[in-house]
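Down below is the structure, laid out as structure tokens.
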Amino acid sequence: MGAFFSYMLQVALLMTAFYLVYKWLLGDTTFYRLNRFVIIGIYLLSWGLPLLLNVEFSGNSSDAMPGLLEIGNLQAVTIEQEQSSSNSSWISYVIWLYFAGVLVSFLFFIIDFIRLFHIVISGEKRCIEGTTEIITPEAPGPFCWGRFIILRPEDLLENYNLIFAHESTHVRLNHWVDLILGQLTLIFQWFSPAAWLMLRAMKVNHEYEVDEIVAGDNPAPYQMMLIKMTVGTRLPVLADSLNHSQLKKRLTMMMTKKSAPSRRFAALALPAVAVVACVTLSQPSVARIAEIISNTSLIPGSAVETLTSDKVNHYSQDVQLRSSNEDSGFQITAVRNSDSESVAASDGSTEIARADSPDSKSVKSSESPAYFIDGVLFKGDLNSIPSDEIASVDVIKNDPDYPQGKLMIRTKKAAPAKVEESQTEKRIYLQSEPIAEYKGGMTELMNFLCQNLKFPTDLKEAKRVIVKFTIDPDGSVKDAKIVKSGGEACDAEALKAVEATSGNWIPGRQNGSPVATQFTLPVNFKPTTDKD
């Protein structure tokens, strides 16, 4: 639904731009037939261009490059789902409001259609010149829809010929088809002033076109009929009718000198506006906004995860372990999952502390975590272990065997031998001292990736791929996977290039020891025929 709402916003922006140009260049001209087709063209372009913006046409020139590759900044980040959800909640509320408006507009449309249908079936019918004339006292005034001309009994007594000529001209020109297009647009574009103004301009142009045909060379009798017969009663939205709206302007336009033929070229401004609109909507900043709206869920707080460079969440955080001995505090590192809380242990008691809490407030845990002393499960009393003998405490809460959490305590007496991975978790740091670095620096990494990335030959639209991977303590690339997919071909190329960097990394270090570091890397694939 977010994608549909994003599409509707693009339609509204295009229609507004087209309408302003039409009103400025053609609104006061006497090219009524041309103006009618221009208005229909505005509707079609407004609905069609956003659908065509993602279609790329490539030539067969052998000199054309297959595309451009853009490699974004390497980030040691993770997807911040809560932040994304918070930022997109208001968008989901707007989307709900939009669809509520569509529902209300559709209900009003149905009510008007039922009203029109009731008027049509309530009167006396007779066929005249390929149309069906309906005489009914329930008609609010003379009007037509489809092949029906609806009149009141009193309309037969005075100016019948002019009234019938007026309405039958609407029928002959099939103006009712235009009205359906305009009314359906208004249902989905109820929030757009341009949609309302376009429908009004369409109806007024219909009247101008009919007035010119029926009035002929002697407009005085027809003008007098308009003055007598126009009514202010609300008529069905799908109908062209004799009403008082724009009456003064209509009478003036019948007496206005014909516009210069050269002004017809003003209609060529619309294709130019269409090109400018396409370029504008294709800009990265505009496309990014459209992507955010498209990926928004209708349920607040459950937005699709979005990766941004300015909203990051570091896994590794330093917290101070409170010790019973005021002078023997020591540092622990809490390994934090995006969906879990960090656990901090103090002197024999167990507490759960949110690592992202501003003031690091702790609350009592309902279930004690499992304690491991030097890699061995410990079931005794932690108070029996002097705090000054503890060298470090690692907090782990992603082990399904210990959902309540694990405290990996290492004493100063423990041998510095490598602990078996089966006994403890493999720790991954997204921020280390220093962080893992490609040999030769960032410039060398970008050069290597550009040389090893191959642009998919059949790619016709821009794609963005985000790869997450881990640099192991030995400098190798492990666990490379796609966070944001750009299609099978682009995903495969991005993964292949990232994995090719394995062995060329200088691992990060934590407390003087090599540690694993996790990165994300965005890669943009952009088709182009530009030789530059």
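Table: residues versus (1) closer than 21 Å to F113 by Cβ; (2) modelled with pLDDT under 80.
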| position | (1), (2) |
| --- | --- |
| G182 | yes, no |
| L199 | yes, no |
| E207 | no, no |
| I213 | no, no |
| I227 | no, no |
| K258 | no, no |
| L268 | no, no |
| V275 | no, no |
| I289 | no, yes |
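The numbered conditions (1) modelled with pLDDT under 85; (2) open to solvent by less than 30 Å² (accessible area, probe 1.4 Å) are all true for Q423 except (2).
Residues in the stretch 470-479 that are assigned to a strand (DSSP E or B) and touching a residue at least 40 places away in the same chain (Cβ under 8 Å): T470, I471. Could you tell me whether the stretch 122-133 includes any residue that is in a helix (DSSP H, G or I) and not β-branched (V, I, T)? Yes; the residues of the stretch 122-133 include at least one that is in a helix (DSSP H, G or I) and not β-branched (V, I, T). When A194, A139 are checked against the criterion of being small (G, A, S) and closer than 23 Å to G27 by Cβ, A194 stands alone in meeting it. Evaluate the stretch 296-318: report whether one residue or more is assigned to a helix (DSSP H, G or I) and at pLDDT below 80. No; the residues of the stretch 296-318 include none that is assigned to a helix (DSSP H, G or I) and at pLDDT below 80. For the stretch 451-464, indicate whether the set of residues that are part of a loop (DSSP other than H, G, I, E, B), of a type in the set (V, I, T) and open to solvent by 70 Å² or more (accessible area, probe 1.4 Å) is non-empty. Within the stretch 451-464, one or more residues are part of a loop (DSSP other than H, G, I, E, B), of a type in the set (V, I, T) and open to solvent by 70 Å² or more (accessible area, probe 1.4 Å). Looking only at residues that are β-branched (V, I, T) and under 32 Å from the mean Cα position of the chain (by Cα) in the stretch 252-275, which one is nearest to I40 (Cα to Cα)? Per the stated criteria, the residue is V273. In this entry, I114 passes the filter for residues that are on the phi < 0 side of the Ramachandran plot, among the aliphatic types (A, V, I, L, M) and open to solvent by 50 Å² or more (accessible area, probe 1.4 Å). Anything in the stretch 170-220 that is aliphatic (A, V, I, L, M), in a helix (DSSP H, G or I) and closer than 22 Å to I149 by Cα? List them, or say none. Passing the criteria: V171, V177, L179, I180, L181, L199, M202, V204, V210, I213, V214, A215.
Residues checked against (1) of a type in the set (S, T, N, Q); (2) surrounded by fewer than 19 Cβ atoms within 10 Å (Cβ to Cβ); (3) touching a helix residue (DSSP H, G or I) at 6+ places or on another chain (Cβ under 8 Å); (4) within 17 Å of M202 (Cβ to Cβ):
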{"site": "L13", "(1), (2), (3), (4)": "no, yes, yes, no"}
{"site": "Y19", "(1), (2), (3), (4)": "no, no, yes, yes"}
{"site": "G27", "(1), (2), (3), (4)": "no, yes, yes, yes"}
{"site": "N35", "(1), (2), (3), (4)": "yes, no, yes, yes"}
{"site": "I39", "(1), (2), (3), (4)": "no, no, yes, yes"}
{"site": "I42", "(1), (2), (3), (4)": "no, no, yes, yes"}
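Of all residues in the stretch 480-532, exactly one satisfies the criterion of being in a helix (DSSP H, G or I), touching a strand residue (DSSP E or B) at 6+ places or on another chain (Cβ under 9 Å) and either surrounded by fewer than 16 Cβ atoms within 10 Å (Cβ to Cβ) or among the aromatic types (F, W, Y) (or both), namely E499. Checked against the criterion of being farther than 30 Å from A436 by Cα, open to solvent by less than 10 Å² (accessible area, probe 1.4 Å), modelled with pLDDT of 85 or more and not charged (D, E, K, R), the stretch 75-92 contains not a single residue that satisfies it.
Against the numbered list (1) in a strand (DSSP E or B); (2) surrounded by 18 or more Cβ atoms within 10 Å (Cβ to Cβ); (3) at pLDDT below 85, V467 comes up short only at (3). Screening T185 with (1) within 25 Å of the chain's Cα centre (by Cα); (2) under 23 Å from A139 (Cα atoms) gives one miss only, at (2). Would you mind stating whether S122 is within 39 Å of the chain's Cα centre (by Cα) and among the small types (G, A, S)? Here the answer is no, as S122 does not meet what is asked.
The values are calculated or read from the model by the stated rules, or taken from the named source; none is laboratory data. Small disclaimer: the values here were computed from a predicted structure and weren't measured. With ideal geometry, Cβ positions are generated from the backbone for all residues, glycine too; neighbour counts draw on all protein chains shown. In case anyone asks, the SASA skips ligands and DNA or RNA and just uses the protein heavy atoms, side chains included. Shrake-Rupley method; radii C 1.70, N 1.55, O 1.52, S 1.80 Å.
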